[in-house]
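Working notes, structure below.
The values are calculated or read from the model by the stated rules, or taken from the named source; none is laboratory data. Keep in mind that what you see is a predicted model, and the values were worked out from it rather than measured. For neighbour counting, all protein chains shown are included, and Cβ atoms are generated from backbone atoms with ideal geometry for every residue, glycine included. For accessibility, only protein heavy atoms count, side chains too; no ligands or nucleic acids. Shrake-Rupley method; radii C 1.70, N 1.55, O 1.52, S 1.80 Å.
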Amino acid sequence: MLKFGLSSKSDSRTECMNGVYRYFMPCWGTFGEDGFSGIPQILKSLRPTLSKKEKFLGGMYDLNLKAYWETDGDDRWNIGLQRRFRRTSLFATTSKHPSILSLTSLLNGKRKLAEAIDGLDLLDLTIRRDGNRIELCLAPYGGGICFLALPPVRYTVPLPPEQRNRMVWTIEQLATLICTSGYVNPVSHEAIQKHISHI
């Protein structure tokens, strides 16, 4: 259900983020300064953020679920989700580097992961490297804010409760694949083994 009558920008952002924290609480625990209290170790960096997209007489604050891992070197590349209507594979990259093509092929070879992603309503899903950091960003439909200039109104758009477990599983599996790709700095063997067998 859409929630109307949010009185200000700060009120709407606070209400929105509190709703996101409550949404993931059954899976990842409470949210604090150090992130979600019960999230797997390989996802301790995950933070929900809002990105603004302005349109004529209104716009959106889209929810982005971002996690990152430190890495060595200074490369830049991007692996993105292809749109269904033009898809020949789930993920694609413009990089010609053999190791990036190999990682893309690895992601595309996970049938269960592909089925989970196809079952989610997503705005975008990317894995990118910019310098010494690899970032995973999943942007779902819902979880953000719509706003209009005339009449001036803001409302939060809830995340679908039936997609929570699928979304959590997808993020955890993508994190596991990234952490075992050889690109990120060492992650504990125990943290990875808790998830890798389920992909």
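Assorted remarks:
- Enumeration of residues in the stretch 142-154 that are loosely packed, with under 15 Cβ neighbours inside 10 Å and either touching a residue at least 40 places away in the same chain (Cβ under 8 Å) or within 18 Å of residue 51 (Cα to Cα) (or both): 148, 149, 150, 153
- Positions within the stretch 50-59 being of a type in the set (A, V, I, L, M, F, W, C), open to solvent by less than 50 Å² (accessible area, probe 1.4 Å) and farther than 17 Å from residue 21 by Cα, in sequence order: none
- Residues located in the stretch 113-135, provided they are within 20 Å of residue 77 (Cβ to Cβ), open to solvent by less than 70 Å² (accessible area, probe 1.4 Å) and not aliphatic (A, V, I, L, M): 124, 126, 129, 130, 131, 135
- Hits in the stretch 18-49 - residues which are open to solvent by less than 30 Å² (accessible area, probe 1.4 Å) and among the hydrophobic types (A, V, I, L, M, F, W, C): 20, 24, 28, 36, 39, 42, 43, 46
- Elements of type strands (runs of 3 or more DSSP E) in the stretch 11-96, at least 1 residues being without any contact (Cβ under 8 Å) to a residue 24 or more places away in the chain and closer than 17 Å to residue 127 by Cβ: 47-55, 91-93
- Some residue of the stretch 99-112 being touching a helix residue (DSSP H, G or I) at 6+ places or on another chain (Cβ under 6 Å) and buried (at least 17 other Cβ atoms within 10 Å of the Cβ): no
- Being at pLDDT 95 or above and surrounded by 16 or more Cβ atoms within 10 Å (Cβ to Cβ) is a property that residue 138 has.
- Total residues in the stretch 52-83 satisfying the condition of being modelled with pLDDT of 95 or more and small (Gly, Ala, Ser): the figure is 1.
- Of all residues in the stretch 28-56 being among the hydrophobic types (A, V, I, L, M, F, W, C) and more than 13 Å from the chain's Cα centre (by Cα), the one that is farthest from residue 145 (Cα to Cα): 42
- Qualifying positions in the stretch 155-189 - more than 24 Å from residue 116 (Cβ to Cβ) and either at pLDDT below 85 or surrounded by fewer than 17 Cβ atoms within 10 Å (Cβ to Cβ) (or both): 155, 185, 186, 188, 189
- Considering the stretch 127-169, the qualifying strands (runs of 3 or more DSSP E), each wholly inside and each with 1 or more residues that are more than 14 Å from residue 19 (Cβ to Cβ) and touching an Asp or Glu at 6+ places or on another chain (Cβ under 6 Å), run over 133-140.
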